[in-house]
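See below for the structure under consideration.
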Amino acid sequence: MNEKGKADQDDILMEKSLLSTGLGSAPAVDDGTVPVIDISGPEEEVTEQLWQAATTVGFFVVTGHGIPQSVIDDAFSTSSTFFGQSLEDKEKQSPFAANINSGYEYMAQVRPSTGLADRKESLQITAREGCMDGRWPNDFIQVETLALMEAAHTVAGKILDLLEPQALPDLAMEERGVLSKSHTLWADDGQCTLRLLHYPPAPKEDIVRLREEGYWRAGAHTDWDNVTLLFQRAEDKGLECCANPRLVAETKDYRWAEVNPVDGGIAVNIGDMLARWSDGRLFSNLHRVRMPKDSELNPPRSRYSIAFFAQSDKRTLIKSKDADPITAGDYIVSRVKSNFEANFKTP
């Protein structure tokens with residue numbers, strides 16, 4: 001297999017294996033309060049807490065991040081307004097292009113772990129020069145979402161800087177900061193993405209049927225980036241996480257746990273890029289969004305979330321002892337293609 005084809009295949013095959021083993025649909029067994037870390041504290045203390053969380057559950061919540069709640073609330077408000085429009089209007093305003101991972105998509109992402117389309121719609125805002133040309137739905141979405149994207153980019157950089165000394169211990173001092181510096185907003189090869197997500201409501205009988213047919217609001221998967229920051233509303237539960245199978249390969253101690261919203265907190269998880277870059281010192285973890293429980297269906301209601309994906313710039317070379325080198329651009333293309341095969345066109 002050629003250089004750019006080998007390095008991504010293990011991650012895709014791991015997700016596909018979740019369907020045959022049943023791990024992706026195993027029930028949650030923990031109410032699972034994941035670690036909550038105030039990153040405004042002393043650096044040495046915060047670094048140790050982040051590393052401990054990142055090397056165990058792989059999911060954690062950060063507080064003390066410095067993003068004003070008003071910026072987060074404004075982004076959720078504009079998200080709700082956009083998704084409240086007709087399907088035709090949304091598709092017309094922001095046509096989806098899988099090859100650049102930008103625009104509006106409606107139930108088009110098919111997870112390798114389920115073989116079924118996620119029950120969600122999203123607006124994918126990719127921070128690369130030209131990607132959003134003709135895809136900005138309106139001015140207020142651009143203003144409100146850019147404010148959150150820039151703030152999230154800063155927080156992601158801080159988290160990466162704190163993890164880097166232990167994740168990449170062989171780096172010389174003058175090379176420090178390579179992780180955070182590899183994420184450039186709106187450069188010609190930028191890949192960071194802000195994703196507005198909406199999981200539409202449905203009548204109870206439809207939810208029951210979809211559950212029986214194996215659908216999830218978002219099927220089990222790992223993220224393709226270095227770190228993900230997920231903003232959740234207090235009333236919107238449903239996110240669940242589980243350790244990467246590679247991390248618990250010997251013990252087989254797979255436990256799905258809830259990742260409930262924390263007041264003022266941002267849920268953070270490690271992605272596949274950082275797992276490779278760190279030579280397995282860190283593992284990307286599995287996560288999913290379950291269908292609503294019966295108790296959450298009276299009345300049926302939407303779930304909203306916003307994700308910031310810190311994806312290294314396209315020309316960044318990701319090296320690993322266990323896989324061939326691959327550029328971040330080739331890596332993302334391979335993962336997008338595996339999820340949007342039906343409407344993927346070679347860039």
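Computed from the coordinates by the stated procedures, all read-outs in this text should not be read as laboratory data. Note that the structure is a prediction, hence the values are computed from the model and not measured. Please note: Cβ atoms are built from the backbone with ideal geometry, for glycine as well, and neighbour counts cover all protein chains shown.
Wrap a convex hull around the Cα atoms of the chain, take a quarter of its surface area, and give that in square nanometres. Write out the running numbers ahead of the final one.
Values: hull surface 67.6 nm².
One quarter of the hull surface, i.e. the mean projection, equals 16.9 nm².
Using modelled amide H (1.01 Å from N, peptide plane; none on Pro or chain starts), what sits under 5 Å from the amide H of Asp38, excluding residues fewer than 5 places away?
Here Thr63 satisfy the definition.
From the phi angles alone, apply the Karplus equation (6.51, -1.76, 1.60; θ = phi - 60°) to region 288-297 and give each ³J(HN,Hα) in whole Hz, x where the residue is Gly or Pro.
The phi angles translate into 7, 10, 6, 6, x, 6, 4, 5, 9, 10 Hz.
In terms of the ratio Rg/(2.2 N^0.38 Å) built on C-alpha atoms, what value belongs to region 147-212?
Relative to the 2.2 N^0.38 Å estimate, region 147-212 comes out at 1.79.
Work out from phi, with θ = phi - 60° and the Karplus expression 6.51 cos²θ - 1.76 cosθ + 1.60, the ³J(HN,Hα) of each residue of region 188-205, listed in order in whole Hz, and give x for Gly and Pro.
Residue by residue, region 188-205 yields 5, 10, x, 9, 4, 9, 10, 10, 7, 10, 9, 9, x, x, 7, x, 4, 4 Hz.
Rounded, prolate or oblate: pick one for region 124-247, where a ≥ b ≥ c are the square roots of the eigenvalues of its C-alpha gyration tensor, a/c under 1.5 means rounded, and failing that, prolate if a/b is larger than b/c, else oblate. Walk me through the numbers before you get to the answer.
Working: a/c = 2.53, a/b = 1.38, b/c = 1.83.
Oblate shape, in that a/c is at least 1.5 and b/c is the bigger or equal ratio.
Kindly rank 293-305, 71-83, 121-133 from highest to lowest mean number of other beta carbons found within 10 Å of each residue. Mind dumping the intermediate values first?
Details: 293-305: 14.5, 71-83: 18.2, 121-133: 20.4.
By packing density, highest mean first, the sequence is 121-133, 71-83, 293-305.
Could you give the length gained on full extension between Arg211 and Val71, defined as 0.36 nm per residue of separation minus the Cα-Cα distance, in nm?
On the way: separation 140, 0.36 × 140 = 50.40 nm, distance 3.49 nm.
Once the chain is fully extended between Arg211 and Val71, it gains 46.9 nm.
Remind me, relative contact order of the chain in percent, using alpha carbon pairs under 8 angstrom and six or more residues apart? Walk me through the numbers on the way to the answer.
Values: 692 pairs, mean separation 88.6, N = 347.
Computed value for the chain: 26 percent relative contact order.
If you average the sequence gap of Cα pairs under 8 Å that are 6 or more apart and divide by the length of region 55-143, what percent do you get for the contact order?
Numbers: 75 pairs, mean separation 22.0, N = 89.
It comes to 25 percent, rounded to a whole number.
Can you pull out the chymotrypsin sites (Phe, Trp or Tyr not before Pro) in region 109-216 whose DSSP state is coil and whose Cβ has at most 11 other Cβ atoms within 10 Å?
Numbers: sites: Phe140, Trp186, Tyr215, Trp216; in loops: Trp186, Tyr215, Trp216.
Listed in order of number, the matching sites amount to none.
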